[in-house]
Amino acid sequence: MQKLPRDFYDRETILVARELLGKLLVHRAGGIERVGRIVEVEAYLGAHDRAAHSSKGLTQRTKTMFGPPGHAYVYFIYGMYHCMNVVTEREGHASAVLLRAVEPVKNIEGRTCGPGLLCKAMRIDRRLNAHDLLSDDFFIATLARDEAFTIVKRPRIGVDYAGRWAARNLRFYIKGNAFISRP
C-alpha cells in the first residue's frame, strides 16, 4: 500500500475523481485501522458549479474547499450524517470529490453505500475536516498494482436544485460493484 502524493490531488477534478476509484481509504483511530476500497465518487468543479458548496462563496463551512489540494472536506448534513470530500486542484479553486461509497476491506462494520453511511462505517466526522490526506492516520493509498475495471458515468445524486449542473455526468462508479449507492 502506497500513500497518494500531493500532486495526485493537484490536478483536474474529473481526472482525480475517476482515478480515485479502486484506491483505498485508510483511517487509523483508536488502535484500529479501517480500510475501504473507493467504488463511487462525484466531482464538484469549483465556485461556478451550482451544485458545489463553494458556489455560495468562501464561508466558515467551505474554507477547506478553497484550501490546498489533498485535504479532507468533511461536513454535517440533515442533522445526522457526515460526508467526506477530497479537495482537488490549486488553492482558491474550491473543487472537490465527494466519496459516495466504499467496498469494505478491513475492520468496517455497517453499510458503506452512500456518503453518510460510508463516513459512519469509517468513523469519519467533522474532527477530520481540513485533515491532510498525506498524514499517517487518515489517507488514500494505492496498491502496488491497480486492478482493471469499467467506469460508469451518471448525473450526481440529490442536486436537482443546481439547474443545468444537475444533468452533468459527474458521478463515477465501478461497473457491477455491489457497494455503489445506486446504479
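Among the lysines, select those whose C-alpha is under 17 Å from the C-alpha of Lys120, and discard any that sit fewer than 8 residues away in the same chain. Leaving aside lysines fewer than 8 places away in the same chain, those within reach of Lys120 are Lys106. Note down the relative contact order for the chain as a percent, whole number, built from C-alpha pairs under 8 angstrom at least six residues apart. So the answer I get is 28 percent.
The candidate values are (i) 1.43; (ii) 0.96; (iii) 0.93; the one derived from this structure for Rg/Rh (Cα atoms, Kirkwood Rh) carries the label (iii). Couplings 3J(HN,Hα) for segment 175-183, derived from phi with the Karplus relation 6.51 cos²θ - 1.76 cosθ + 1.60 (θ = phi - 60°), are 4, x, 6, 6, 9, 5, 6, 6, x Hz, where x marks Gly and Pro.
Quick one: Cα centre-to-centre distance for segment 1-78 and segment 136-183, in angstrom? Segment 1-78 and segment 136-183 have Cα centres separated by 12 Å. An oblate overall shape is assigned to segment 113-183, the ratio a/c of its alpha-carbon gyration tensor axes (a ≥ b ≥ c) being 1.5 or greater and a/b not exceeding b/c.
Distance between the pseudo-spin-label points of Ala167 and Tyr81 (7 Å out from Cα toward the beta carbon): 2.5 nm. In the chain, the DSSP-assigned H stretches of four residues or longer account for a calculated mean residue ellipticity at 222 nm of -2500 deg cm²/dmol, using -39500 (n - 2.57) per stretch and the full residue count as denominator. Annotation: lysines with alpha-carbon distance below 20 angstrom to Lys175 (same-chain offsets under eight excluded): Lys23, Lys153.
Here the spin labels are modelled as points 7 Å beyond Cα on the Cα-Cβ line, and at Leu58 and Arg154 they lie 3.7 nm apart.
A simple count of charges around Lys3, restricted to other residues whose Cβ falls under 13 Å of its Cβ and scoring Lys, Arg +1 and Asp, Glu -1, yields -1.
For Ala166, the shell of other residues with beta-carbons less than 9 Å away shows a net charge of +3, using +1 for Lys and Arg and -1 for Asp and Glu. Of the GluC sites (Glu not before Pro) in segment 24-100, the ones in a loop by DSSP (not H, G, I, E or B) with at most 14 other beta carbons within 10 Å are Glu91. Within the shell defined by Cβ-Cβ distances under 15 Å, the residues around Ile77 carry a net charge of +4, with Lys and Arg each +1 and Asp and Glu each -1.
From a point 7 Å beyond the Cα of Met1 in the direction of its Cβ, which residues of segment 113-143 have a backbone N at a distance under 11 Å? Of the residues in segment 113-143, 137-143 have backbone N under 11 Å from the label point off Met1. Give a quick list of trypsin sites (Lys or Arg not before Pro) in segment 79-183 that DSSP marks as loop, anything other than H, G, I, E or B, with at most 15 other Cβ atoms within 10 Å. When the trypsin sites (Lys or Arg not before Pro) of segment 79-183 are filtered for loop state and at most 15 Cβ neighbours within 10 Å, Arg90, Arg111, Arg145, Lys175 remain.
Quick note: the coordinates plus some simple rules give every number you see, no bench work behind them. Bear in mind that the values here come from a model prediction, so they are computed numbers and not experimental data. FYI the Cβ positions are ideal-geometry reconstructions off the backbone, even for glycines, and counts take in every protein chain you see.
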